Amino acid sequence: MLPSTKSPLFLLLIPILMLATACNNDEDIDPNEDMNNRLEGEWEVESFTTDGVEQIGTSYSSFTIEFDKDGPIDGEVEWDLVGLSSLSEQIEFAYEVESMGMELEMREPGGVELEFEIEMDGDELEMTATFSGQQWEIEAERD
């Protein structure tokens, strides 16, 4: 039986109930960490354009990206590009997720630095950047 709304016990229960319902048991996760968790794994690039010109099927027969998380917001990423002549090129970068999970900074050991704006919807990833004056757009699906 619940106490009457006029009893002192009921008045004490109100703040306790309000506090209990206001508390969220889920820990708040940093958006950069959340995006890093979601990036991890292998992605098959469906479209790679430079200044609007498609590179898959014209310069490359395939392009995969693999993210390997090292820390909460950073890791290593490997690009595996296979040219139409079957010659492959692997490029490795260190990366860091920034700006509330909306930017990805990638650094190649030789000094090349790329800064992508990223969006993810489920198993679909979009990355855009400007590099050497060219607009790059990458669309990939989780493999």
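Computed from the coordinates by the stated procedures, all read-outs in this text should not be read as laboratory data. Just so it is clear, the model here is predicted, and its values are computed rather than measured. Backbone-built Cβ (ideal geometry, glycine too); neighbour counts: all protein chains shown.
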*Roughly speaking, what is the stretch gain from Thr49 to Ser61, that is 0.36 nm per residue apart minus the C-alpha to C-alpha distance, in nm to one decimal?*
3.0 nm
*Between Asp74 and Ser132, what FRET efficiency follows from the Cβ-Cβ distance if R0 is 25 Å, with the result rounded to 0.05?*
0.55
*Once you sort the root eigenvalues of the Cα gyration tensor of the stretch 26-87 as a ≥ b ≥ c, which label holds: rounded (a/c under 1.5), prolate (a/b larger than b/c) or oblate (the other case)?*
prolate
*Does the stretch 35-143 come out rounded, prolate or oblate, given a ≥ b ≥ c as the square roots of the eigenvalues of its C-alpha gyration tensor, rounded meaning a/c under 1.5 and, failing that, prolate meaning a/b above b/c?*
rounded
*Relative packing of peptides 108-117, 65-74, 124-133 - highest average C-beta neighbours within 10 Å first*: 65-74, 124-133, 108-117
